Structure formats: structure tokens, C-alpha cells
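Worksheet: the structure to be examined is printed underneath.
Since every read-out is calculated from the coordinates, none of them should be taken as a lab result. Everything numeric here is computed off the predicted structure, so don't read it as measured data. FYI the Cβ positions are ideal-geometry reconstructions off the backbone, even for glycines, and counts take in every protein chain you see.
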Amino acid sequence: MDFTLLFIQTINGLQLGLLLFLVASGLTLVFGILDFVNLAHGSIYMFGAFICASLTFFLGNFLWAVLIALPIVAIIGYLIERTIVQSLYARNHLDHVLGTFGLILVLDTLAHLIWGPAGIAVPLPQWLNGRVEIFEGVVIPTFRLLIIATGSGVALGLLWLVNYTRLGMLIRAGASNRTMVSALGIDIQLLFGLVFALGATLAGLAGMLIAPITEASIGMGGEIIITAFVVIIIGGIGSIKGAFIAAIIVGLIDTLGRSFLDTLFKLVMSIEAAESSAPAISAMLIYILMAAILAFKPQGLFPPKVR
Amino acid sequence: MKKISAIIAATLIAGISMTALQAKEVKVGFVTTLTTGGAVLGKAQKNAVNLAIEHMGGKMGDLDINLIFADDGVKPETGKQATDKLVKQDNVDFVAGYIWSHVLLASRKSVLDAGKFLISANAGPSPIAGKLCHENFFSTSWQNDQTPMAMGEVLNQQGVKSLYIMSPNYAAGKNMVAGVERTFKGKVLGKDFTKWPGQLDFSAELAKAKASGADGLFVFYPGKAGGAFIKQYQQAGMKDVMPLYTVFTVDGISLPKFQAGNLEGVMGSRVTQHWDPTLDNAQNKRFVADYKTKYGNYPAFYAAQAYDSMFLIKSAVEAVGGDLTNMDGMRTAMKSANYESVRGKYTYGNNHMPIQNFYLREVVKDSEGAWTTKIVKTVFENHQDPYAKDCPLK
């Protein structure tokens with residue numbers, strides 16, 4: 001096997017995994033702590049991409065656009081929580097799904113009205129648009145390294161926030177017993193609003209980071225939200241650590257499957273059969289993994305202890 | 001009371017459908033993509049159809065045109081439902097449109113079983129050209145294999161010895177790959193069929209392509225996947241190592257976006273097509289000029305084919321003097337392709353797929369600095385698709 005290619009693909013897988021983590025961490029926070037199923041999480045990811053794209057053209061600089069888009073997305077998330085999501089907490093999960101599915105349709109159409117159907121390609125500054133040669137033969141686009149760095153940084157920051165700060169303590173407490181927390185004089189509504197806004201910001205950041213690679217487009221949320229759900233189910237709903245590890249596993253399995261499955265299949269079957277079955281199987285790999293993990297650990301790999 | 005209002009309602013409905021029958025009009029259903037990311041292609045087609053109707057003065061012969069647009073959402077099941085509604089509820093005379101091969105394959109039976117005409121303004125999947133061909137089906141585009149076959153020929157002429165191929169994993173994607181492999185004489189070093197329509201990140205496949213060391217990279221990524229692909233191709237720095245050859249990826253829809261995003265990597269890249277905005281004939285000049293004035297950018301091939309589909313229908317309606325029950329007359333008229341097409345004169349094969357020229361086009365800047373394409377040369381003259389022989393029609 002070609003080890004240079006294996007190394008490059010591992011980095012590609014890591015990058016995909018970290019991007020998935022940004023989306024999945026927000027989803028798992030909201031699902032695990034607020035006990036709320038948010039299908040519209042992907043639409044916030046899309047809004048992050050579009051807002052950042054518009055700001056990039058307005059300000060002429062991608063990094064400034066990201067810095068300004070982040071608080072905007074946080075505010076949008078907070079407003080969605082106050083106006084729509086809040087009234088759904090008391091209902092069952094099926095109502096959450098129905099309500100947020102409606103929200104997807106509304107947000108997608110809103111994006112269609114504001115930005116048109118065409119999608120926006122986001123230009124990068126020259127120094128980010130190049131490539132870095134890590135060592136002989138291993139050349140990686142600079143921007144993908146930036147995604148890896150940002151993703152890792154956010155992951156560490158989140159773990160610190162949830163495990164070592166007062167806000168994190170309140171978040172964990174709210175997850176185990178929200179009535180008790182509010183009885184102790186904590187404004188649980190404000191807390192939930194903040195958690196939702198945090199989740200939205202993380203999803204928005206993921207959208208901003210993917211936009212220069214693909215583009216900001218209608219329906220981009222629907223493409224990632226299913227995978228994000230797979231990640232949080234594998235990782236254990238509500239666990240940041242689980243989401244992180246599961247995201248990396250899913251990213252690696254997906255990328256390596258796409259890269260090497262056809263070569264492996266060609267060893268055991270005819271070239272034609274391998275060419276037609278490898279893409280189908282590699283598209284299914286993460287779901288097969290999810291099914292296998294659920295068979296042995298129905299709660300996921302790292303279910304939160306308190307629940 | 002309830003009964004009375006029901007009777008009144010029934011009378012009203014009957015009255016409306018009576019007037020509809022009496023009115024002299026031709027009903028055309030147009031199925032395209034009006035939502036999701038694919039809506040940008042559908043919008044181009046819708047614009048072109050509206051422009052065609054405007055150019056016709058709103059009439060085909062003596063008949064008014066009653067046009068109904070429907071959305072497929074890039075999903076076969078949604079497209080089929082929309083088609084069923086057009087055929088059963090609206091009772092249209094013609095169903096045209098269809099950008100996506102899988103949507104057309106799912107919807108064709110609904111139209112043809114009802115005894116209506118089906119006009120594809122884009123998709124050209126191989127079964128419809130071969131075993132599933134039908135006397136009431138016509139195409140104003142191409143069979144999927146043809147455009148990549150022309151590209152395979154271009155690759156041979158340019159001395160490309162080895163090729164890496166990437167394409168989405170659905171009906172058209174497979175036809176495109178089969179097409180280029182049919183004419184390309186060199187060696188195919190690797191092939192990737194990527195998940196469709198979900199996958200937009202091609203890092204793994206690009207790394208494989210680069211590692212293969214092929215002379216060239218052939219891809220088919222229509223719609224927004226094309227923009228994503230070109231960006232990543234440029235970011236991976238492959239322009240100097242592995243020249244890009246595309247079909248249906250770089251077009252009038254993606255070029256303005258590439259220009260806005262400053263993706264210089266696409267400049268000079270080569271594509272094959274049956275049509276180009278610079279083709280020199282009166283119909284095309286009028287179409288391109290008026291489209292640019294009205295909508296502000298160059299029309300893409302999606303628009304050109306949609307525009308043609310309306311004029312093909314018009315030629316049929318006029319040939320039978322507006323007698324829409326004369327199916328045989330309209331069929332014969334369409335079979336002769338006796339209308340002004342923006343691609344110039346072409347003919348129909350036994351399977352009702354066009355026999356037409358294919359050109360090599362290059363991405364250039366026009367006199368005002370807008371990114372567009374021009375024709376480099378003719379690759380195939382009067383080219384017929386390879387599936388026509390499987391079609392039992394004469």
C-alpha cells in the first residue's frame with residue numbers, strides 16, 4: 001500500500017471528522033441537555049455559511065467575516081430558542097421533529113429568498129488558498145489544515161467549558177435535573193437559551209469553514225445533519241467527549257472507505273463488480289458501523305453517567 | 001344546505017372545465033427543479049421557456065399557450081408526482097423539461113402511458129435511447145453518452161495517454177463515464193463514483209487522482225457540485241499537474257460564480273457540448289442577445305435546450321393546424337425537426353434523439369470581461385448516440 005496516500009487520506013479524514021464534530025457537538029448539547037431534537041440544526045449551519053459568504057464580499061476578507069458572523073449566528077440561535085423552540089420543550093420528541101422540520105422548510109425558503117438559488121462561492125485570501133508540503137510528497141491545502149486547527153481548538157475549549165467552568169457545571173446540572181437547578185435559584189431558561197445559542201454558533205462555524213471548500217448553498221444543512229445524528233448516536237447522546245471520538249471515527253471511516261475500498265474489493269472480485277459495489281458500500285459504511293455499535297452498546301460509546 | 005352547496009360547487013367546477021375545453025389553447029407542462037440547490041438550473045430553464053413564449057407572441061399557431069411549471073426537487077419520487085398531476089389533473093398536451101436522468105426515468109411511464117408527448121429538455125439516459133425508446137418521446141438535448149464521447153475523442157487528439165475519472169454515482173454519471181471510455185483510447189488509471197447528490201467534499205478522491213499520476217482528469221459534476229469540485233481542484237494545486245477535462249460542469253451557470261469567487265483555475269479549461277452562445281445562426285443570436293438583456297447573464301445549455309423544446313412543440317402544433325387530437329400528424333412534424341433550433345439544423349434518429357454536431361469549447365473572457373465560452377473546433381459532425389440500434393422503432 002502507498003503510505004504517502006494513506007497519510008494524506010488520514011489527514012483528510014481527520015479534517016472531515018473535526019468538521020462533523022463542530023456540527024455534532026451543538027446537536028449533542030441540545031439533544032442531551034435540553035432533551036430537544038433539533039432537525040433544524042443543519043439550517044443554522046447553512047445560515048452560518050451564507051452570512052459569512054455575504055460578509056466576505058462586503059468586507060473583502062474571509063477571517064473578519066467569520067469573526068463578525070459568529071455573534072450574528074449566536075443571536076439568531078438565541079432568538080430561535082426564545083421564540084420557537086422554547087414552547088416545544090414540554091412536548092414529546094415527535095412534536096420536536098415535526099416543529100423543527102417545519103423550521104427547516106421555512107429557513108431554507110428564507111435563504112432562497114435572501115440569497116437566491118445559485119449558492120455563493122467564497123473566495124479565500126491568498127495565503128490560505130495555497131498548499132503546505134508537510135514532508136516529501138505530502139502536500140495539503142492550507143485551508144484544510146486551518147480547519148483541523150480550528151476544530152481541535154474548539155474541541156479543547158468545549159471540554160474545558162463543560163468540565164471545568166461554573167457555566168459547564170450548571171449545564172451538566174441542568175441536564176441531570178432541571179427542576180432542582182431552577183429551585184436553587186438558577187435562571188434555567190436563560191441557561192437553556194445560552195446552550196442553544198452555543199450549539200448554533202458551533203454549527204454556524206462549521207458552515208463558515210466548509211463554505212470556501214464547497215460553497216454556501218440551499219439544502220447544505222440536510223446533507224450534513226444525518227451524518228451528525230449518526231455521530232451523536234455512536235458517541236452517546238449528550239456526551240461531548242463521545243461526539244468528538246465518534247466524529248473522528250466517522251470521518252476516518254468515510255474517507256478511508258472512499259479511498260481504499262475499491263482497491264480492496266478488486267483483490268477478491270472482478271474489476272467491474274468492484275467498481276460498482278465499492279461506492280455503494282462506502283456510502284453505507286458509517287451506517288453499518290452505527291448499527292454494529294448499537295447492537296453492542298445501545299446507549300452509544302460514551303453515554304453520560306447522570307442520565 | 002350542504003347538498004346544495006355541493007351541487008353548486010360541482011356545477012362551477014364543471015363550468016370551469018367546460019370553458020377550458022372550449023378555449024383554444026395548448027397546455028404544456030414543464031417539469032424542472034425549482035427548489036433545493038438545483039433550482040439555479042431550473043431557473044435558467046424557466047427563464048428560457050418564458051423568453052421562448054415571449055418570442056412566439058404567446059401563441060402557437062392560433063392557440064394560446066397555457067404553461068404550467070412543476071418542481072421535481074431533484075428527487076425521482078417528487079418528479080413523478082408532479083408529472084402525474086400534470087397528466088391526470090391538468091390534462092396537459094405536452095410534458096417537457098427534466099434536468100435529471102433519474103427523475104426522467106421515474107416519470108416517463110406516467111406521460112407515455114397516458115398517450116401524451118414527452119420532450120426531454122436535458123436528461124438523456126441510455127435506456128430511453130435504447131430499449132425503452134418510445135414513439136411519443138423526443139429530446140431537444142442529447143443522449144448522455146454523446147458529450148463525453150466527444151471529449152474522449154478530444155483527449156485522443158491532444159495525446160492524453162492516461163486518465164483518471166470522477167463522476168457522481170447515478171444514472172447520468174454512469175452514462176458519462178461509459179461515454180468517455182467508449183472513445184478514449186488511452187489507459188484509465190482509476191475511477192471514482194461519488195455519493196450523489198450529498199457529497200461535495202472531494203478531498204479523498206482528488207488525493208487518489210493525484211497519486212495515480214494520470215495525464216488528465218475527466219469529471220462530470222453538474223450544478224453546485226461543479227463549483228465545489230473546481231474550487232477544490234484549484235486549492236489542491238492540481239492545475240499544473242493534471243489538466244482538467246469536463247462535461248456539463250463548467251457552463252453559463254457556474255462561470256459567473258467562478259468569476260465572482262475569482263477562480264482563475266477554470267480559465268482556458270475545455271469542455272465539449274452540442275451548443276455554444278457564439279454559434280452563428282439567427283435563432284441563436286436572438287436567443288442569446290435577448291436572454292442577456294432580460295436576465296443579465298449568458299444563457300447556459302440548460303436554457304438553450306428548454307428554449308428549443310418550446311419551438312419543437314410549436315412546430316408540431318402548427319403542422320396540424322392546432323388540431324391537438326392529431327397525434328400522428330404532430331409526431332411526424334416533430335420527427336422532421338423542422339424548426340429553427342439555436343444549435344442550427346439537426347435531424348432525429350429512429351429513437352428520437354438528435355443527430356447533431358458536437359463542439360470543443362474553451363473558457364474565455366468576452367469583450368466586456370465576463371467569463372464565457374467560445375468554440376475551438378467541431379469534434380463530431382452529425383453524431384448519433386450508440387444506443388439507437390437497440391431501439392425497435394423505425
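5 Å is the cut-off here: which amide hydrogens, built 1.01 Å from N in the peptide plane, fall below it relative to B:Phe117, excluding neighbours closer than 5 in sequence?
Here the answer is B:Val95, since their amide H atoms fall under 5 Å of that of B:Phe117.
Nearest 5 is fine: what % of DSSP beta bridges in chain B come out antiparallel, could you say?
Antiparallel bridges make up about 35 percent of those DSSP assigns within chain B.
Residue by residue through segment B:333-340, which ³J(HN,Hα) values in whole Hz follow from phi under the Karplus form 6.51 cos²θ - 1.76 cosθ + 1.60 (θ = phi - 60°), with glycine and proline marked x?
4, 5, 4, 7, 6, 8, 8, 7
Separation of segment B:55-85 and segment A:161-182 by C-alpha centroid, Å?
Distance between centres, Cα-based: 56 Å.
Could you work out how far the C-alpha centroid of segment B:145-224 sits from that of segment B:235-277, in angstrom?
Between the Cα centre of segment B:145-224 and that of segment B:235-277, the gap is 14 Å.
In the protein assembly as shown, what % of DSSP beta bridges are antiparallel (nearest 5)?
So the antiparallel bridges in the protein assembly as shown amount to around 40 percent.
Which residues' amide hydrogens lie under 5 Å from the amide hydrogen of B:Arg270, considering only partners 5 or more residues apart or on another chain, with H built in the peptide plane?
So B:Arg270 has HN proximity to B:Thr246.
Classify segment B:32-85 as rounded, prolate or oblate, taking a ≥ b ≥ c as the square roots of the eigenvalues of its Cα gyration tensor: rounded when a/c is under 1.5, otherwise prolate if a/b is larger than b/c and oblate if not.
Because a/c hits 1.5 or more and a/b fails to exceed b/c, segment B:32-85 counts as oblate.
Going down the list B:Lys191/B:Lys389; B:Lys24/B:Lys59; B:Lys210/B:Lys231; B:Lys109/B:Lys335; B:Lys27/B:Lys59, which pairs span over 18 Å between their C-alpha atoms?
B:Lys191/B:Lys389; B:Lys109/B:Lys335
³J(HN,Hα) across segment B:75-88 via Karplus (A = 6.51, B = -1.76, C = 1.60, θ = phi - 60°), whole Hz, x for Gly/Pro?
The phi angles translate into 10, x, 5, 5, x, 5, 4, 4, 5, 4, 4, 4, 6, 8 Hz.
Starting from 0.36 nm per residue, how many nanometres of slack lie between B:Lys187 and B:Asn350 once their C-alpha separation is accounted for?
Extending this stretch completely gives an extra 55.4 nm.
Given the options B:Asp240, B:Asp62, B:Asp201, state which has the largest fluctuation in a GNM of chain B using a 10 Å cut-off (strictly under) for Cα springs.
Top of the fluctuation ranking is B:Asp240.
Work from the charge dipole of chain A (Cβ charges, +1 for Lys and Arg, -1 for Asp and Glu, about the Cα centre) and give the residue of A:Ser152, A:Phe47, A:Phe57 farthest towards its positive end.
Farthest towards the positive pole: A:Ser152.
List the pairs from B:Lys85/B:Lys116; B:Lys46/B:Lys174; B:Lys80/B:Lys294 whose alpha-carbon separation is above 24 Å, in the order I gave them.
Over 24 Å apart, Cα to Cα: B:Lys46/B:Lys174; B:Lys80/B:Lys294.
Work out the charge dipole of segment B:307-365 with +1 on the Cβ of Lys and Arg and -1 on the Cβ of Asp and Glu about the Cα centre, then indicate which of B:Gly321, B:Met353, B:Ser336 is farthest towards its positive end.
Looking along the dipole axis, the top candidate is B:Met353.
Semi-axes of the equivalent ellipsoid of segment A:8-221: what are they in whole Å, largest first, if each equals the square root of 5 times a C-alpha gyration tensor eigenvalue?
Semi-axis lengths for segment A:8-221 are 31, 21, 14 Å.
Mind checking which aspartates and glutamates have their Cα closer than 12 Å to the Cα of B:Lys185? Skip sequence neighbours fewer than 8 apart in that chain.
B:Glu153
Taking just the alpha-carbon atoms of segment B:139-203, what radius of gyration and Dmax come out, in angstrom?
Rg, Dmax (Cα atoms, Å): 12.5, 36.
Please get the size of the charge dipole for segment A:52-151, origin at its Cα centre, with Cβ charges of +1 on Lys and Arg and -1 on Asp and Glu, quoted in debye to the nearest 20.
My answer is approximately 120 debye.
What list of ³J(HN,Hα) couplings, whole Hz, do you get for segment B:214-220 from phi and the Karplus terms 6.51, -1.76, 1.60, once you set θ to phi - 60° and write x for glycine and proline?
Going residue by residue, I get 5, 6, x, 10, 9, 9, 10 Hz, with x marking Gly and Pro.
Top mean-square fluctuation among A:Leu267, A:Leu70, A:Leu29, Gaussian network model of chain A, C-alpha springs under 10 Å?
Most flexible of the set in this elastic network: A:Leu267.
Averaged across orientations, what area in nm² does the convex hull of the alpha carbons in segment A:1-135 project?
Mean shadow area of the hull around the Cα atoms is 11.2 nm².
May I ask for log10 I(q)/I(0) of the protein assembly as shown at q = 0.11 Å⁻¹, from a Debye sum over the Cα atoms as equal point scatterers with solvent left out?
Debye output, listed in q order: -1.16.
From the Cα gyration tensor of segment B:146-273, with a ≥ b ≥ c the square roots of its eigenvalues, which class applies: rounded if a/c is under 1.5, or else prolate if a/b is larger than b/c, or else oblate?
The shape class here is rounded.
Picking from B:Val188, B:Met242, B:Gly216, whose Cα lies most toward the positive end of the charge dipole for segment B:146-273 (charges on Cβ: Lys, Arg +1; Asp, Glu -1)?
B:Val188
Using the Cα centre of chain A as the reference point, and only Cβ charges (+1 on K/R, -1 on D/E), how large is the resulting charge dipole? Debye, rounded to the nearest 20.
940
In peptide B:208-214, what is the residue-averaged number of other protein chain Cβ atoms found within 10 Å of each Cβ?
The mean count of partner-chain Cβ atoms within 10 Å per residue comes to 3.
Return B:Thr35, A:Thr142, B:Thr194, A:Thr109 ranked ascending by Cβ neighbour count within 10 Å, so the fewest neighbours appear first.
The order, fewest Cβ neighbours first, is A:Thr109, A:Thr142, B:Thr35, B:Thr194.
What order do you get for A:Thr255, A:Thr179, B:Thr33, B:Thr78 when you list them from fewest to most C-beta neighbours inside 10 Å?
Arranged by neighbour count, lowest to highest, A:Thr255, A:Thr179, B:Thr33, B:Thr78 become A:Thr179, B:Thr78, A:Thr255, B:Thr33.
Over what distance in Å are the Cα centres of segment B:305-341 and segment A:196-243 separated?
50
Can you pull the one-decimal nm distance between simple spin-label points at A:Gln189 and A:Ile114, each 7 Å off the Cα toward Cβ?
2.6
What number, in percent, do you get for the relative contact order of chain B if the mean sequence gap of Cα pairs under 8 Å and at least 6 apart is divided by its residue count?
17 percent.
Give the order of B:Cys391, A:Cys52 when sorted by the count of other beta carbons within 10 angstrom, beginning with the fewest.
B:Cys391, A:Cys52
Would you please give the residues with an amide H less than 5 Å from that of B:Asp64, counting only those at least 5 places away or on a separate chain, with H modeled from the backbone geometry?
Result for B:Asp64 returns B:Glu25, B:Val26.
Which residue fluctuates the most in chain B, going by a Gaussian network model with Cα springs under 10 Å, if the choices are B:Ser126, B:Ser341, B:Ser203?
Maximum among the listed residues: B:Ser203.
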